[in-house]
Amino acid sequence: MWGAADFAGGSLSRRLPVLGVTLVSQAAGFLALVVAVAVRGEIGSRSFAIGLLAGVGGGVGLAAFYRALSLGTMSVVSPIAACGALVPFALSLATGERPSRLALAGAVAALTGAVLASVEERRAASQSPGRARAIVLAVAAAFALGIFVYFLGLGSREGDALSTLFGARVGSLTVLAVVALLLRAPVRIPRSSVLAVAAVGLADVTANALFAFASRHGLLALVSVLGSLYPVVTVLLAHVLLEERLTRTQRLGVALALAGVAVIAGA
């Protein structure tokens, strides 16, 4: 679900305002959560607060990620952003979780893959400044989305998943609205594209919900990197629908990054 949402969101951001796509998609997911909360009739205050922290990272990360996808090669940007799984992985280790040595080796492989995947992009920076910005934005998105994943999982494990999801969406919408106002960025989406953008938001909130519930049944360090396998879907969709091509070095980097997160998840 995350992979499909990211592919669609990145594609739409190439012809529509990035903040507009992000705001409208997040709003669509928020409306779905409002309905769920109304049906249940209560919100856990602590989980909601933790969700707000997740939402700050999610709002910044998603905007940076969609912008990176609109500027660079999806098959390169997505695996770099996926290495944001190392953020919750490291935080979980620091707070007492103890994955195996194999999982730690996977983390190193994922980082190495991310570097290799971006080698050709950096070489092309002098001829294509947009590609250089895409790499920087992808790294920023990785960190911010890593913060989002950590607090989303933490709130779901220690409290209530729905309250955490609701808080996260409130936080991300607030951050995005403030950024749009400060930058005076265009956010208007043509009516013909509203349904497509809304579908991205519904796919994203569904993925968030699946992750939140999964985090209640396993180590957050491992669940977070398993969730980060979403670039597999994004890469396949970009290859099939956009006919994106990669150099051998980039292919090795993409494969190593994805293999790294797979090793962490399976350890």
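Applying 1/(1 + (r/R0)^6) with R0 = 41 Å to the Cβ-Cβ distance of LEU31 and GLU243 gives a FRET efficiency near 0.70.
The protection proxy used here, the mean number of other Cβ atoms lying within 10 Å of each residue, ranks peptides 92-99, 196-203 as follows, highest first: 196-203, 92-99.
Note on the chain: dipole from Cβ charges, positive end direction compared against LEU195, VAL136, ALA32; the farthest Cα belongs to VAL136.
Highest mean first, the peptides 131-142, 154-165 sorted by other C-beta atoms within 10 Å per residue fall in the order 154-165, 131-142.
Within 10 Å of each residue's Cβ, count the other Cβ atoms and sort SER215, SER25, SER78 from fewest upward. Each step should come with its number before you reach the end.
Numbers: SER215 25, SER25 28, SER78 33.
Neighbour counts put them in this order, fewest first: SER215, SER25, SER78.
Going by average Cβ neighbours within 10 Å, how do the peptides 13-20, 254-261 rank, with the highest at the top? Numbers along the way, then the final one.
Numbers: 13-20: 18.9, 254-261: 22.8.
The peptides rank, most packed first, as 254-261, 13-20.
Evaluated over the Cα positions of segment 133-205, the convex hull gives a direction-averaged projected area, one quarter of its surface, of 6.2 nm². Note on segment 180-267: the alpha carbon radius of gyration divided by the globular reference 2.2 N^0.38 Å gives 1.43. Percent of Cα-Cα pairs per 10 Å bin, from 0 to the last occupied bin, for the chain, please list those. Spelled out bin by bin, the chain gives 8, 32, 36, 20, 4, 0 percent.
Over the chain, dividing the summed -39,500 (n - 2.57) contributions of all DSSP H runs of at least 4 residues by the number of residues returns a 222 nm mean residue ellipticity of -27500 deg cm²/dmol.
Quick note: the coordinates plus some simple rules give every number you see, no bench work behind them. Note that this is a predicted model, so its numbers are computed, not measured. Ideal geometry is used to build each Cβ from the backbone, glycine not excepted, and the neighbour counts take in all protein chains shown.
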